[in-house]
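Take a look at the structure set out below.
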Amino acid sequence: MKKGSNSFAAIILVVTLVLFLGEFLVTEAVTCSVVELSPCAGAISSPQPPSSACCAKLKEQKPCLCGYLKNPNLRPYVNSPNAKRVAKSCGVPTPSC
């Protein structure tokens, strides 16, 4: 291999590792607390659209959604049609856990 090819491959590897570790650290920094989703309560319990605060919290709590779905007490709320509508409106995909 040429020296330029090795350098390019090394740069790609470093960039990939930085992106992966950055995502991992962000994920680890989130405190999973369903109370954090309280700005979404109005949108989940009625047909009103979600607020920007709701969407921000939903995106922040995205790494926690599988844990919420696995909790039998929270599953009915997180898996409800209105909760799915709110998530879709905020651009947060429904997790496949």
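Percent relative contact order of the stretch 34-90, based on C-alpha pairs within less than 8 angstrom and at least six residues apart? Each step should come with its number before you reach the end.
Working: 50 pairs, mean separation 22.3, N = 57.
Over the stretch 34-90, the number comes to 39 percent.
So what is the accessible area of the stretch 33-89 per residue, in Å², with the probe set to 1.4 Å? Provide the component values of the computation, followed by the final result.
Values: 3420 Å² over 57 residues.
That works out to 60 Å² per residue.
Once you have all Cα-Cα distances for the stretch 34-90, histogram them in 10 Å bins from zero and send the whole-percent values.
Pairs per bin, as whole percents: 26, 63, 11.
With a 1.4 Å probe and all protein chains kept in place, how do Ser80, Ser52 rank by accessible area, largest first?
Details: Ser80 25, Ser52 100 Å².
These residues rank, largest area first, as Ser52, Ser80.
For Leu74, what accessible area in Å² do you get when you roll a 1.4 Å probe over the heavy atoms of the protein chains, rounding to the nearest 10?
40 Å²
The values are calculated or read from the model by the stated rules, or taken from the named source; none is laboratory data. The shown structure was predicted, so the numbers you read here are calculated from the model rather than taken from an experiment. Accessible surface areas use protein heavy atoms only, side chains included; no ligands, DNA or RNA. Shrake-Rupley method; radii C 1.70, N 1.55, O 1.52, S 1.80 Å.
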